[in-house]
1. Quickly run through segment B:177-196 and pick out the residues that are buried (at least 22 other Cβ atoms within 10 Å of the Cβ), closer than 11 Å to A:Asp249 by Cβ and not small (Gly, Ala, Ser).
2. Inspect segment A:104-115 for any residue being within 26 Å of B:Ser222 (Cα to Cα), under 11 Å from the mean Cα position of the chain (by Cα) and either more than 14 Å from chain B (Cβ to nearest Cβ) or polar (S, T, N, Q) (or both) and give the result as yes or no.
3. Of these, B:Ala224, B:Ala212, which one is at pLDDT 90 or above and either over 28 Å from the mean Cα position of the chain (by Cα) or in a helix (DSSP H, G or I) (or both)?
4. I want to confirm something. Restricting to segment A:137-161 and keeping residues that are of a type in the set (S, T, N, Q) and surrounded by fewer than 20 Cβ atoms within 10 Å (Cβ to Cβ), which single residue is farthest from A:Thr43 (Cα to Cα)?
5. Restricting attention to segment B:199-216, report how many residues are among the aromatic types (Phe, Trp, Tyr) and facing chain A (nearest Cβ under 8 Å).
6. Please note which helices (runs of 4 or more DSSP H) are completely contained in segment B:1-116 and include at least 3 residues that are surrounded by 14 or more Cβ atoms within 10 Å (Cβ to Cβ), at negative phi and modelled with pLDDT under 80.
7. Determine whether segment A:277-295 contains at least one residue that is in a loop (DSSP other than H, G, I, E, B) and touching a helix residue (DSSP H, G or I) at 6+ places or on another chain (Cβ under 6 Å).
8. Give the residue, chosen from A:Thr207, A:Thr294, A:Thr248, that is surrounded by fewer than 23 Cβ atoms within 10 Å (Cβ to Cβ) and closer than 28 Å to B:Arg199 by Cβ.
Amino acid sequence: MADRHQQKTIKTTAFPYGVGIFLCSLALPGLLVAAEGNRVEKTFEAAPNPRVTISNARGQILVRGWDKQQVHIVCSVVSPRVELDSEVIPPGGPADKVHFSTHILDPLVSGKDQTADYSLDVPMGTDLEIRDTQGSVKIEKLQGDDATVETVGGAIVVSDFTGHLFVRSIGGNIEVIRAAGRVEAYSITGDLHFVSPATSKLRATTTSGRILFEGDFPDGGDYSLSEYSGDMDIICPPSASFELNAKTDRGKLENAMPITIRHQPATPLSSANSLFGTHLTGKATVSLKSFSGTIRIRQR
Amino acid sequence: MDEIRRHRTAECDRFELELEAYMEGEVRPFVLVHLRECVFCKVVSEDLLALRTAASELPLEEPSPAVWANVRARLSAEGAFAEKEGVWSWLWQLDLLRRPVPVAAFACMLALGCWMTAPRNYPQLEASASLAALEGQPAAVRSMSFVSGGTGLEQVVRELEEAFKAREGSLAPDVKATYENSLSSLDVSIRECNDSLQREPGNSLAHEYLFAAYSQKAEVLSSALEFDEGR
């Protein structure tokens, strides 16, 4: 009697496990299909120097240069009510232009559900335009013609880019590493960080963010850095050759480089708040401006 | 030319109808035949071609952010952004913008006409007059009036700010916070620069940063309004 009761117990408890395993085996492919459905991968043949644009609301965008004459994109979305729209111009043959945009199908989708993450590989010489409202943007190893990146709150990181780079974020931090060509970086509250630039021209402005410049000033380069209330740190090698014009209205100016002071241009600022001179032969031109922030110049 | 005008025929009317398509690159044999027969229409065609050539050689100048901010504020004030099917879609329906050559030619002629008929101004006298009118104003106001060409960037910013306040509720909380932080940061700089200019009217750095802060504020507000509309 006890054995029969035990057998019955085993049978009744084994049944739900079996059903569970069976149901799971049915559900698994469905889950995989659903995951696949939120990920889109596309490849387009591209003409020389194509133009690629991306418009996104939230999510990370990563763009890398590669040696194929193709634009390859992988896009993952969080919600099935968000999709990737792509437009190729011309419709047949190698693309001169490829436009990607995140399309929110349901206006009720909000917050993180709007997220779409992009990963792109683009040919060298690509002309890039990226707008990502609340997402971060990263560009790596790209020899481009022109790249424009704009965000509202997302961070922007560009490394090993050659060409004309225009980056702007209202509240996000901007980092530009080993850029060559011409760089323009603007933010209101974000920090700006430049590492080892080889740029011929650099324009950088932030209102309350901090500016950190680490690297040399290549010969003939023209560098203009301006912030309103954040601090500015310039760290350069002893071999840097530049002509300096630095001024701050209410902040301090701390210089640890052996600058040869030149004739001070007409300015109401005291010598404690402004510095005009050359380091070595003054081959690059460096202009540093702040209203109430501190400017520090020192050797690496 | 009046003499030729008197001999205007039905062919001239047809020529006018077909000229636009011909200039867009379509094959229109009638236009070619008529050009050989009618001196007036030939002159008109040559003028339009010359205008198109001149227009294509004009450099593309990017207006300052203040100009776009001004345009946006005006359009916003006129309710152009209230509905998606606004003034732009109405313009588009007119089919004018799809035919750029005649429109560009017309615009050039219009601009030329305005330039030729406008009364001659004396900028130096005007500048002196406007500076004289500002004599009693505080230094900061004079600075703004000078840098923004007298139209008042400050006023544009105020209008944009009102439009932003009316719509900020529709922004996602994190986006709204980013915009508000930035605007507050710019407001601090505007206030401090104004204070500085009250004490030292000749402070060029304060003038520079004050103008930059207003321009940036206009850009940030424009960006917020665009974002709102793009949702």
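1. Residue satisfying the conditions is B:Cys193 alone.
2. Checked segment A:104-115: no residue is within 26 Å of B:Ser222 (Cα to Cα), under 11 Å from the mean Cα position of the chain (by Cα) and either more than 14 Å from chain B (Cβ to nearest Cβ) or polar (S, T, N, Q) (or both).
3. On the way: B:Ala224 fails: at pLDDT 90 or above.
Of B:Ala224, B:Ala212, the one residue that is at pLDDT 90 or above and either over 28 Å from the mean Cα position of the chain (by Cα) or in a helix (DSSP H, G or I) (or both) is B:Ala212.
4. Step one: filter segment A:137-161 for residues of a type in the set (S, T, N, Q), giving A:143, A:148, A:151, A:159.
Applying the additional criterion that residues be surrounded by fewer than 20 Cβ atoms within 10 Å (Cβ to Cβ) yields A:143, A:148, A:159.
Working: A:Gln143: 20, A:Thr148: 22, A:Ser159: 24 Å.
Only one residue tops the list, namely A:Ser159.
5. Let us first name the residues in segment B:199-216 that are among the aromatic types (Phe, Trp, Tyr), namely B:209, B:211, B:214.
Imposing the further condition that a residue be facing chain A (nearest Cβ under 8 Å) reduces the set to B:209.
Residues meeting the conditions: 1.
6. Numbers: elements: B:2-6, B:10-23, B:29-37, B:39-57, B:65-77, B:87-93.
Qualifying helices (runs of 4 or more DSSP H): B:10-23, B:65-77.
7. Initially, segment A:277-295 is screened for residues in a loop (DSSP other than H, G, I, E, B), giving A:280-283, A:291-294.
From what's left, touching a helix residue (DSSP H, G or I) at 6+ places or on another chain (Cβ under 6 Å): A:291.
Looking for residues that are in a loop (DSSP other than H, G, I, E, B) and touching a helix residue (DSSP H, G or I) at 6+ places or on another chain (Cβ under 6 Å), one finds at least one in segment A:277-295, hence yes.
8. Values: A:Thr207 fails: surrounded by fewer than 23 Cβ atoms within 10 Å (Cβ to Cβ); A:Thr248 fails: surrounded by fewer than 23 Cβ atoms within 10 Å (Cβ to Cβ).
None of the other options fit; the residue is A:Thr294.
The values are calculated or read from the model by the stated rules, or taken from the named source; none is laboratory data. Quick caveat: nothing in here was measured; it's all calculated off a predicted structure. Cβ coordinates were reconstructed from backbone atoms using ideal geometry, including for glycine residues, and neighbour counts include every protein chain displayed.
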